[in-house]
């Protein structure tokens with residue numbers, strides 16, 4: 001089947017890449033190639049960053065409320081193209097169409113939040129008469145060109161943790177979509193180019209892999225990088241940014257635990273926990289990974305969790321009744337299956353095996369069923385390392401203290417942890433003592449709203465400022481003016 005090669009968007013124009021390194025991207029539901037992606041050369045990276053640098057001075061001096069008008073246009077057109085964007089998202093990633101609709105809503109929420117920034121941001125603080133005839137004030141100013149490096153698992157939502165804030169604050173951007181799922185951002189950029197009509201160079205898109213990212217970070221024109229991806233790569237990005245003196249906001253991976261207390265209402269708990277573990281086929285940094293049980297409640301919790309999980313409807317992303325779609329790629333399927341193999345080798349008890357799951361209507365799709373382990377001990381790889389797929393590990397603990405100790409010491413990650421309980425004291429102890437950036441209390445996926453920062457600690461995050469609303473301070477710097485008249 002003939003497929004098109006994606007173009008770069010540089011200086012307000014779509015451009016064919018001259019790269020000879022062209023890689024395929026797939027529809028995971030069918031296994032078919034849907035497009036091909038050029039890996040940008042260093043010259044093309046330089047062209048994109050120079051375009052952004054040239055556009056920055058004029059954009060930075062455009063009044064903030066004028067910049068906000070572009071975001072109003074973006075919001076309106078995204079609402080109009082809502083279903084189109086959701087379908088592109090599902091086609092290239094494999095997540096269910098229902099999940100994709102949620103992703104687009106979250107992207108629009110961040111556009112809304114950035115618009116609010118334009119109207120409510122304390123651009124400066126003034127203190128009159130700090131001394132005789134001396135006044136002091138502070139303003140926040142845009143800094144220049146930033147690059148946004150996107151992950152495969154949320155091809156549209158995560159770029160919009162950053163794009164609207166940088167634009168409304170007066171910075172210029174070069175965005176690199178995931179090389180695994182570039183089609184949704186390509187579609188969004190086509191809509192923005194046709195309908196929003198930002199000034200040329202303010203928002204640029206180029207494609208590529210590791211070398212492209214390294215070229216972007218080391219570019220003399222780029223002042224900072226926002227990155228979301230796995231922890232090993234996140235650490236490399238943070239190090240490279242530091243070596244080049246760049247600002248960095250870097251989100252890494254996760255190994256999230258969900259504690260189910262003996263007093264939890266299982267009728268509401270189990271559906272929320274199943275959704276956390278297996279929504280997005282487990283491919284999200286807020287997914288449950290370790291199911292932590294307490295004492296004698298273990299068997300009841302695990303049996304109900306297994307029953308609900310193995311009843312999920314698995315199939316094509318585009319069927320409304322599908323509850324879990326395929327994983328993103330053939331290599332992801334192989335990697336996840338290898339992790340299940342390793343769990344068996346380590347001695348964990350595999351009570352649900354999703355490795356050989358088939359969807360008869362789509363034999364070429366990248367499907368896995370749910371895999372669930374019991375008798376997982378804290379020393380096992382299953383309990384400690386990120387798998388990023390539909391695999392659940394069950395860890396038995398004696399009490400809440402034991403569970404919290406496992407969360408804080410058992411893994412090197414600190415993205416999310418959740419507790420299900422009817423005890424206010426247990427909930428309060430948990431949220432105060434657990435070392436993670438996002439805490440859920442009777443919530444399976446503790447995802448912050450757009451006007452809150454997206455937390456992260458330990459090996460799940462590198463930097464000081466977080467995604468979403470925290471980027472107001474990431475994309476600007478403070479200037480203090482002290483004057484005597």
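The values are calculated or read from the model by the stated rules, or taken from the named source; none is laboratory data. Here the structure is a predicted model, which means the values were calculated and not measured. Positions of Cβ are backbone-derived with ideal geometry, glycine not excepted, and every protein chain shown enters the neighbour counts.
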The helices (runs of 4 or more DSSP H) lying wholly within region 395-485 that contain at least 1 residues that are under 24 Å from residue 169 (Cβ atoms) are 471-474
Residue in region 440-462 that is nearest to the chain's Cα centre (by Cα), counting only those that are touching a residue at least 60 places away in the same chain (Cβ under 8 Å) and surrounded by fewer than 20 Cβ atoms within 10 Å (Cβ to Cβ): 447
Restricted to region 12-48 and to residues being in contact with a strand residue (DSSP E or B) (Cβ under 7 Å, 6 or more places away or on another chain) and over 21 Å from residue 331 (Cβ atoms), the residue surrounded by the most Cβ atoms within 10 Å (Cβ to Cβ) is 48
If only one of 421, 411, 394, 322 is at pLDDT below 95 and within 26 Å of residue 447 (Cα to Cα), which one is it? 411
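Residue-wise test of (1) at pLDDT 95 or above; (2) in contact with a strand residue (DSSP E or B) (Cβ under 6 Å, 6 or more places away or on another chain); (3) surrounded by 21 or more Cβ atoms within 10 Å (Cβ to Cβ).
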{"residue": "425", "(1), (2), (3)": "yes, no, no"}
{"residue": "435", "(1), (2), (3)": "yes, yes, no"}
{"residue": "467", "(1), (2), (3)": "no, yes, yes"}
{"residue": "474", "(1), (2), (3)": "yes, yes, yes"}
List the strands (runs of 3 or more DSSP E) inside region 256-373, counting only whole elements, that have at least 3 residues being surrounded by fewer than 23 Cβ atoms within 10 Å (Cβ to Cβ). 349-352
Does at least one position in region 204-225 carry a residue that is within 30 Å of residue 402 (Cβ to Cβ), within 20 Å of the chain's Cα centre (by Cα) and not in a loop (DSSP other than H, G, I, E, B)? no
Of everything in region 455-479, what is touching a helix residue (DSSP H, G or I) at 6+ places or on another chain (Cβ under 7 Å) and farther than 15 Å from residue 413 by Cα? Give them in sequence order. 465, 467, 468, 469, 471, 472, 475, 476
Can you tell me how many residues in region 230-255 are touching a strand residue (DSSP E or B) at 6+ places or on another chain (Cβ under 7 Å) and assigned to a loop (DSSP other than H, G, I, E, B)? 5
Considering only region 246-256, I want to know if a residue exists there that is in contact with a helix residue (DSSP H, G or I) (Cβ under 6 Å, 6 or more places away or on another chain) and within 23 Å of residue 426 (Cα to Cα). no
Counting just the residues of region 374-392 that are under 24 Å from the mean Cα position of the chain (by Cα) and free of Cβ contacts under 8 Å to residues at least 60 places away in the same chain, which one comes out surrounded by the most Cβ atoms within 10 Å (Cβ to Cβ)? 382
Among the residues of region 158-182, what is the count of those that are crowded, with 24+ Cβ neighbours inside 10 Å and closer than 25 Å to residue 327 by Cα? 10
Lone unmet requirement of (1) more than 19 Å from residue 168 (Cβ to Cβ); (2) surrounded by fewer than 22 Cβ atoms within 10 Å (Cβ to Cβ); (3) in contact with a strand residue (DSSP E or B) (Cβ under 8 Å, 6 or more places away or on another chain) for residue 51: (2)
Just to be sure, is residue 29 in contact with a helix residue (DSSP H, G or I) (Cβ under 9 Å, 6 or more places away or on another chain), assigned to a loop (DSSP other than H, G, I, E, B), under 29 Å from residue 86 (Cα atoms) and modelled with pLDDT under 95? no
Could you please let me know if residue 160 is out of contact with any strand residue (DSSP E or B) (no Cβ under 7 Å at 6 or more places or on another chain), assigned by TED's automatic domain parsing to the domain that holds residue 468 and within 30 Å of residue 178 (Cα to Cα)? yes
Among residues of region 405-420, those that are over 14 Å from residue 287 (Cα atoms), touching a helix residue (DSSP H, G or I) at 6+ places or on another chain (Cβ under 8 Å) and crowded, with 23+ Cβ neighbours inside 10 Å, counted: 2
From 89, 110, residue being surrounded by 24 or more Cβ atoms within 10 Å (Cβ to Cβ), within 20 Å of the chain's Cα centre (by Cα) and over 18 Å from residue 180 (Cα atoms): 110
Just checking, which of 127, 173, 143, 121 is in contact with a strand residue (DSSP E or B) (Cβ under 8 Å, 6 or more places away or on another chain), farther than 22 Å from residue 233 by Cα, modelled with pLDDT of 95 or more and in the same structural domain as residue 215 (by TED's automatic domain parsing)? 143
